[in-house]
Amino acid sequence: MSPAVVASAAKQAEQLRLHGNRYFKKDRFGAAIDAYTEAHYMLGLALLQRKEYAEGIKELKKALDLGRGANPKSYMVEEIWQELARAKYLAWEHESTKRSWELQNLKEACEAALKEKHFLDASEMEGFVDENAKSNLEQLEALGRVFNKAAEDDTPTEVPDYLCCKITLDIFRDPVIAPSGFTYERAVILDHLQKVGRFDPITRESLYPSQLVPNLAIKEAVSAYLEKHGWAYKMD
C-alpha cells in the first residue's frame, strides 16, 4: 500500500470518527458505534501499513471491543479479528527472529568459551584425558538444554484444550460459559442456537442466548497464553 493510500485511509478513519460523534449527539447510538468501530479499524490498518505495529494493534483492539459489544456475530468482527491476529503474529515473528539470533550468537559464544576451557584443562591434566573429555561433553549438553529451554516459548506446539472452543477446536477469542459448565466461542454458540436449535451442543439441555455468560477467567488465560506464545495467533 502506497503512502498516499495509507494517508487516505487515515483521513477516512477521521471522517468516520466525526460521523460517529454526530450520530451520538442525535442519540443514534447503533450508528455511532458502527462508525467508531470502522474508524478504529481503518486507522489500525493504516498504522500497520506504516509498520507502526503497537499503535495499529491498539486501534484494532478498540474496534474489536466495540464490534463485539454491538454485534458479536457480524462479518466486521470476524474481519477485524483476522487482521488483529495477523498483526499480532507478524509482531511476534519479528521479535522471535530477533530473539533467535541473539540466543544463537550467545550459544555459540558460550560453546567457544567451553571449548577453550577444555583445551586449557587438557594441557594441565595429562593422564586425565578421558575425564576431561567427559566433563566437556556434559557441559556442552547442559548448555544445549539451557538454550533449548530458553527457546521453548517461541516454539509452536499444541494449544491446551481448555483454551479452545469445543465446537471449532480453535483458540478462544470471546468465550462464554453455559449453565452446563461448558465454554464456547460466543459467535459460534449464538449461530448454533439460531440455526440448529436452542440446546447445548454437548449436553443437549435447553439453552437460550440470555443464559450465556462471559467466561472472564478463560479470556484472561487466553490473553496471557497469546502474550507468551505469539505463534498461536497464526490462522490455518
Within region 161-176, is even one residue aliphatic (A, V, I, L, M) and part of a helix (DSSP H, G or I)? yes
State all residues of region 26-66 that are surrounded by fewer than 18 Cβ atoms within 10 Å (Cβ to Cβ), of a type outside the set (A, V, I, L, M, F, W, C) and over 26 Å from GLU95 (Cβ atoms); if no residue qualifies, say none. LYS26, ASP27, ARG28, GLY30
Here is a check on your reading of the model: is GLU152 among the charged types (D, E, K, R) and closer than 24 Å to LEU90 by Cα? yes
Here is a check on your reading of the model: is ARG204 in a loop (DSSP other than H, G, I, E, B) and either loosely packed, with under 14 Cβ neighbours inside 10 Å or among the polar types (S, T, N, Q) (or both)? yes
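Values quoted throughout were computed directly from the atomic coordinates according to the rules given, and no laboratory measurement underlies them. Treat the numbers as computed from the prediction; the structure is a model and nothing was measured. Because the Cβ atoms are built from the backbone with ideal geometry, glycine has one as well, and the counts that use them run over all protein chains shown.
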